[in-house]
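Comments concern the structure below.
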Amino acid sequence: PTLKQRLESGPLPIDDALDVATQMADGLAKAHGQSVVHRDIKPGNVILTDDGVRIVDFGLATFVDALQLTAQGSTIGTAAYMSPEQVRGEEVDARADVWALGVVLYEMLTGHVPFRGGYAEAIAYAIRHEDPRPIRAGRPEVPEEVEQLVFRALHKEPAVRFQSARDMARALRALQGRSIPDDL
């Protein structure tokens, strides 16, 4: 099943959400290590297998420093998961995937995306101008440190976000009390 299908039953247990997010961050770190930015991270592009999480559908992916084939000012991706720089039609880097992972983790913890609207432009406006509702307001058992990690990933300014999926994977492992492999 996809993560999207799993989320139809509601939010995930906190430990499961952190585990899925860690595996996603690991997968993104590998893609980014090959200079690939996915640009469409969302629950429908995450497969849950017995062997772990798989990120699929690299159809919108781009290579960092590649010839820009998309016209400046156009947007690519799924509105609710797009970073502020994506919705503005700017060039994106790996930090846009970190943002999308933050959106997915927020959704795994709450059962809904942090930025909503009735149509794509309303969602884009919310992404650019509004703050997400605190996770703990609706789910107080989520540790404050987890909420802070999600909101760092969702910072509107890319320079304040985790600078790489690898950094986010490290932070997720630290929250879970898991050792950090040398290759991370």
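The values are calculated or read from the model by the stated rules, or taken from the named source; none is laboratory data. Computed from a predicted model, the values in this text were never measured in an experiment. Positions of Cβ are generated from backbone atoms using ideal geometry, with glycine treated the same way; all protein chains shown enter the neighbour counts. Ligands, DNA and RNA are stripped out before the accessible areas are found, and what is left, the full protein with its side chains, is counted by its heavy atoms. Shrake-Rupley method; radii C 1.70, N 1.55, O 1.52, S 1.80 Å.
Computed quantities for the displayed model
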read-out: Value of Rg/Rh across the chain [Cα atoms, Kirkwood radius]; value: 0.93
read-out: The chain: DSSP helices with Cα axial extent of at least 20 Å and average Kyte-Doolittle hydropathy no lower than -0.5; value: 14-33, 94-110
read-out: Eligible lysines near LYS4 by straight Cα distance, threshold 19 Å, same-chain separation 8 or greater; value: LYS42
read-out: Accessible surface, per residue, of the chain when the full set of protein chains is kept, probe 1.4 Å, Å²; value: 49
read-out: Ordering of 35-46, 168-179, 133-144 by packing [mean C-beta count within 10 Å, highest first]; value: 35-46, 168-179, 133-144
read-out: Extension gain (nm, one decimal) between ASP57 and VAL160, 0.36 nm per residue minus Cα-Cα; value: 34.3 nm
read-out: Span per principal axis, largest first, for the Cα atoms of segment 130-169 (Å); value: 28, 24, 10
read-out: Shape call, segment 104-155: gyration tensor on alpha carbons, a/c limit 1.5; value: prolate
